[in-house]
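Each remark here refers to the structure printed beneath this line.
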Amino acid sequence: MSSGEFARVREIIDRARNLKREKKNEEARIVLEQGLEEFPTNSYLQASLADLYLRQNNPAAAEGLADEILARDPADFRALMVKGDVYYQRRDYSRALDLYQGSFNRREEPFLAGRLIKTYHRLEKLEEALSLCQRLLEKNPNDNYIKKMRALTYEKMGRDDKARQDYSEYLEKSGEDEFAYRENIKLKIRNKPPATRVKELQGLLKFARGSKKFHLHNLLGKELENQKKYSPALEQYRAALEIEPGDPFVLKQAGFCLYRENRPEEALFFLEEAFNSDPDDYFTRSTLLSAYKMAGEIERGIEFFKRIIQNNPSQKKLWGVIRKLSKEGEEPDE
C-alpha cells in the first residue's frame, strides 16, 4: 500500500468510525462502500465494512467479505476476528474459538482477549479462561479490562470472594461500569434467602437513578421470575423497558413471563421484538412457536418468520419452523 493510499484509507476509516459512534450506521456503510470503490481489495476497508454488516445483523455479507480477505491472506487478524464474530453469533462456539485464537496469535489485543475469554465461558472451559487472564495480567497488572474478565471468570467458577475483589478493584479504577455494577450486586446477594434478595434489591431501587435503576429493575425481575412470581417480575421488566425500551434481554424475559402465565397473545409482542434482535436465539424461537399455536395465530407466525428470513438470508433454517406452523394450520380431514 502506497503512502497516499494509506492516508486516504485512514481518512475513510476514521470518518466511518465517527459515524458509528454517533450510531449513524447507514451513513458509515455508504462511506465504507464508496471507499471500496476506490480501493476494491483493501483489507482494512473490507474488514471495517464486514464489522458494520454484523452490527446491522447481516452475518452472511460480513462472512463473505471476511472470506475475500482470507483468500488473499489466510492469517489476516481482522478477517479472522470478524469470521469468529459470525460463528459466535451463530452459537458455533468451537469454530469461533479457533478463529479468535488464530486472530489473537497474530495480535494480542485486549478486545481479542475478551472475545476469547467469553468464548471459553460459553464452552465451559473456565480454567482456560482463567489461565489466559492470569497470563495477561502478569504481563500488564494494570489492565483493568482483563481484571473485569477475570472477575467474571471467578464468578462463573463459584469463587465469589475472588470475583468480588476483582470487581471492587475494577470499579475503583474505572468508576461507572454498568456490567461490573450489576455483577457485583448479584454476588452480594447470591447466597442469601430468596425473600432477603428481593428485599435488598427493592431497597437499592429506592435510591437508584438512570442505568443503575435499569439494572436493578432487571435483577429484581429475574429474581422474581426465578421464584415463579411472574406478575411481579413482569412489572419490573416493564419498568426496565421504560428506561431502555428496546433491550432484547428484557423484552425476552417479559415475553417468557407472559407465556408462563398463559397470556400468549400479549407474549407475542415482546418475543417477536426480542427475536428480531437475535434470530439465532433457540429458546425465544421455541417459545414463539408455542405461543403462536396457543394463541391460534398461525398465519401471523408464518408471516413473521418469512420477514425474518427476508431480512436475514442466512436464517434459511427458519423454513423448517414455517413448515411446522403450516402443518399446524392445516384443516383436519373430515
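Which distance in nm do the two modelled labels at ARG238 and ASP73 give, with both placed 7 Å along the Cα-to-Cβ direction? In this crude label model, ARG238 to ASP73 measures out at 5.4 nm.
Can you match Rg and Dmax of the Cα atoms in Å to one of these, (i) 19.3, 59; (ii) 18.5, 57; (iii) 22.6, 77, based on a calculation from the structure here? Answer label, from the structure shown: (iii). Put a dot 7 Å past the Cα of GLU37, heading toward its Cβ, do the same for LYS317, and the two dots end up 3.8 nm apart.
Going by C-beta contacts inside 10 Å, put GLU26, GLU272 in order with the fewest on the left.
Working: GLU26 11, GLU272 21.
By the 10 Å Cβ count, ascending: GLU26, GLU272.
Measuring between their Cα centroids, region 128-179 and region 259-306 lie 37 Å from each other. Restricting region 130-228 to GluC sites (Glu not before Pro) that sit in a DSSP loop and have at most 10 other Cβ atoms within 10 Å of their own Cβ leaves GLU176. Computed across region 34-73, the Kirkwood hydrodynamic radius from all distinct Cα-Cα pairs reaches 10.0 Å.
Comparing mean-square fluctuations of ASN311, ASN140, ASN25 from a GNM of the chain with C-alpha springs under 10 Å, the top value falls on ASN140.
For region 183-218, backbone nitrogen atoms closer than 18 Å to the point 7 Å from LYS228 Cα along Cα-to-C-beta are found at 194-195. Across region 5-21, computed HN-Hα scalar couplings (Karplus, 6.51 cos²θ - 1.76 cosθ + 1.60, θ = phi - 60°) run 5, 4, 5, 5, 5, 4, 4, 5, 4, 5, 5, 5, 4, 4, 5, 4, 4 Hz from first to last residue, x flagging Gly and Pro. As a length-normalised measure over Cα pairs under 8 Å and 6 or more apart, the relative contact order of the chain settles at 7 percent.
Which loop-located chymotrypsin sites (Phe, Trp or Tyr not before Pro) does region 188-285 contain, where loop means any DSSP state but H, G, I, E or B and the Cβ has at most 12 other Cβ atoms within 10 Å? Could you put the intermediate results ahead of the total?
Working: sites: PHE207, PHE214, TYR230, TYR237, PHE249, PHE256, TYR259, PHE269, PHE270, PHE275, TYR282, PHE283; in loops: PHE207.
Filter output for region 188-285: PHE207.
For region 79-88, backbone phi angles converted through the Karplus equation (6.51, -1.76, 1.60; θ = phi - 60°) give residue-by-residue couplings of 5, 4, 5, 4, 5, x, 4, 4, 5, 5 Hz, Gly and Pro being listed as x. The dipole here belongs to the chain: it is taken about the Cα centre, uses +1 on the Cβ of Lys and Arg and -1 on the Cβ of Asp and Glu, and is about 1220 debye.
List the trypsin sites (Lys or Arg not before Pro) within region 228-334 that DSSP assigns to loop and that have no more than 11 neighbouring Cβ atoms inside 10 Å. Numbers along the way, then the final one.
Numbers: sites: LYS228, LYS229, ARG238, LYS252, ARG260, ARG285, LYS293, ARG300, LYS306, ARG307, LYS316, LYS317, ARG323, LYS324, LYS327; in loops: LYS228, LYS229, LYS316, LYS317.
Counting only loop positions with at most 11 other Cβ atoms within 10 Å, the trypsin sites (Lys or Arg not before Pro) in region 228-334 are LYS228, LYS316, LYS317.
Each of ILE117, ILE302 was scored by other Cβ atoms within 10 Å of its Cβ. Listed from fewest to most, they are ILE302, ILE117.
Run the Debye formula on the Cα coordinates of region 200-279, all scatterers equal and no solvent, and tell me log10 I(q)/I(0) at q = 0.22 1/Å. Values, matching the q order: -0.94.
The HN-Hα couplings worked out from phi for region 227-243 by the Karplus form 6.51 cos²θ - 1.76 cosθ + 1.60 (θ = phi - 60°) are 8, 6, 9, 6, 5, x, 4, 4, 4, 5, 5, 5, 5, 5, 5, 5, 8 Hz, whole numbers, x standing for Gly and Pro. Remark: ASP281, ASP67, ASP76 ranked as ASP67, ASP281, ASP76, counting other beta-carbon atoms within 10 Å and listing the fewest first. Estimated from the Cβ-Cβ distance and a Förster radius of 30 angstrom, the FRET efficiency linking ASP161 and LYS24 is about 0.10. Ranking THR41, LEU318, SER94 by how far each Cα lies toward the positive end of the dipole of the chain (charges on Cβ) leaves SER94 at the top.
From the convex hull of the Cα coordinates of region 251-334, what is the mean projected area in square nanometres?
Working: hull surface 21.5 nm².
Quarter of the Cα hull surface area: 5.4 nm².
Here, each number is a calculation from the coordinates, and none is a lab measurement. All of these numbers come straight from a predicted model, not from anything done at the bench. A quick note on method: Cβ atoms are made from the backbone with ideal geometry, for glycine too, and the neighbour counts reach across all protein chains shown.
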